[in-house]
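Inspection log for the structure reproduced underneath, given as structure tokens.
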Amino acid sequence: PSKAAPFITFVLGGPGSGKGTQCAKIVEAFGFTHVSAGDLLRREIASNSAYGSVILSTIREGKIVPSQVTVQLILKEMESSDNCKFLIDGFPRSEENRKAFEQVIGAEPDVVLFFDCPEQEMVKRVLNRNQGRVDDNIETIKKRLEVFDELNWPIVNYYTQRGKLHRINAVGTVDEIFEKVRPIFSALRS
Ligand code: UP5
Ligand code: MG
């Protein structure tokens, strides 16, 4: 028998806006499975897979990996889970990403979160992170911000028009921000 249709949440926001941090809180409170597109790509690099070197140079440049590659990784991860509730973190990053995913899965996301954060706050957070990511240096951060600013807004506009976008002010403590996220998912349970 085929699985029930998944419940999909896209998690958007610039580099360092707090997507991964808030996803961890949502997982804990609401039992979603966290699928971070960036983590899947970094796993490909670490496993020396066929696409690894292309992915590495793309991430170093702050550019976007071809949709086909990312969509396949996300789908594989979803299929290997027994859960039916997913947070897709850091994807889609472009209209092309969005269309590729929706075409393959044959559906749209149910909810879209957008963590809206000022650039200087994002830069500060990323530079403080210190986890050895190849893209956490000031040169690459500038490129990531440029790519984000160029490609994110059409996605935000698209889901706003569809009544799916929740824009969250991402300035404040982790807990303060989560208190703005919580009602979105609490409302789904009633
Ligand atoms: N922090 C978090 N919340 C805080 C708060 N409220 N106050 C103070 N500090 C806070 O947070 C970043 C840092 O800030 C952490 O140290 C955290 O403790 C602190 P985090 O939750 O990690 O933010 P996040 O938005 O997840 O930042 P990240 O750097 O992961 O975002 P990116 O979108 O840049 O990275 P991602 O991993 O998604 O993508 C990396 C690259 O992969 C992209 O640039 C791209 O090249 C490639 N990519 C694709 O090509 N396609 C994809 O689909 C996805 C990625
Ligand atoms: Mg992240």
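Just so it is clear, none of the values below were taken in a lab; they were calculated from the coordinates. Bear in mind that the values here come from a model prediction, so they are computed numbers and not experimental data. Cβ sites come from the backbone with ideal geometry, for glycine too, and all protein chains shown count toward neighbours.
Considering the range 157-190, the residues that are within 12 Å of ligand 1 (Cβ to nearest atom) and free of Cβ contacts under 8 Å to residues at least 40 places away in the same chain include one that is nearest to residue 111 (Cα to Cα), namely 180.
Can you spot a residue in the range 109-125 that is within 16 Å of ligand 2 (Cβ to nearest atom), acidic (Asp, Glu) and within 17 Å of residue 11 (Cβ to Cβ)? Yes, the range 109-125 has at least one match. The sole residue among 56, 40, 75 that is touching a Leu at 6+ places or on another chain (Cβ under 6 Å), surrounded by fewer than 22 Cβ atoms within 10 Å (Cβ to Cβ) and not charged (D, E, K, R) is 40.
Residues checked against (1) small (Gly, Ala, Ser); (2) more than 25 Å from residue 45 (Cβ to Cβ); (3) crowded, with 18+ Cβ neighbours inside 10 Å:
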site: 92; (1), (2), (3): no, no, yes
site: 95; (1), (2), (3): no, yes, no
site: 99; (1), (2), (3): no, yes, no
site: 103; (1), (2), (3): no, yes, no
site: 116; (1), (2), (3): no, yes, no
site: 128; (1), (2), (3): no, no, no
site: 133; (1), (2), (3): no, no, no
site: 140; (1), (2), (3): no, no, yes
site: 145; (1), (2), (3): no, no, yes
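The set of residues in the range 23-50 that are within 15 Å of residue 178 (Cα to Cα), of a type in the set (A, V, I, L, M) and away from ligand 2 (no atom under 13 Å from the Cβ) comprises 26, 27, 29. For the range 38-69, the set of residues classified as touching a helix residue (DSSP H, G or I) at 6+ places or on another chain (Cβ under 7 Å) and under 20 Å from residue 137 (Cα atoms) consists of 41, 45, 55, 56, 59, 60, 61, 62, 63, 64, 65, listed by residue number.
Taking the range 128-148 as the range and being within 9 Å of ligand 1 (Cβ to nearest atom), more than 17 Å from residue 63 (Cβ to Cβ) and either assigned to a loop (DSSP other than H, G, I, E, B) or of a type outside the set (D, E, K, R) (or both) as the test, the residues that pass are 128, 130, 131. The residues in the range 73-91 that are within 16 Å of ligand 2 (Cβ to nearest atom) and not in a helix (DSSP H, G or I) can be counted, and the count is 6.
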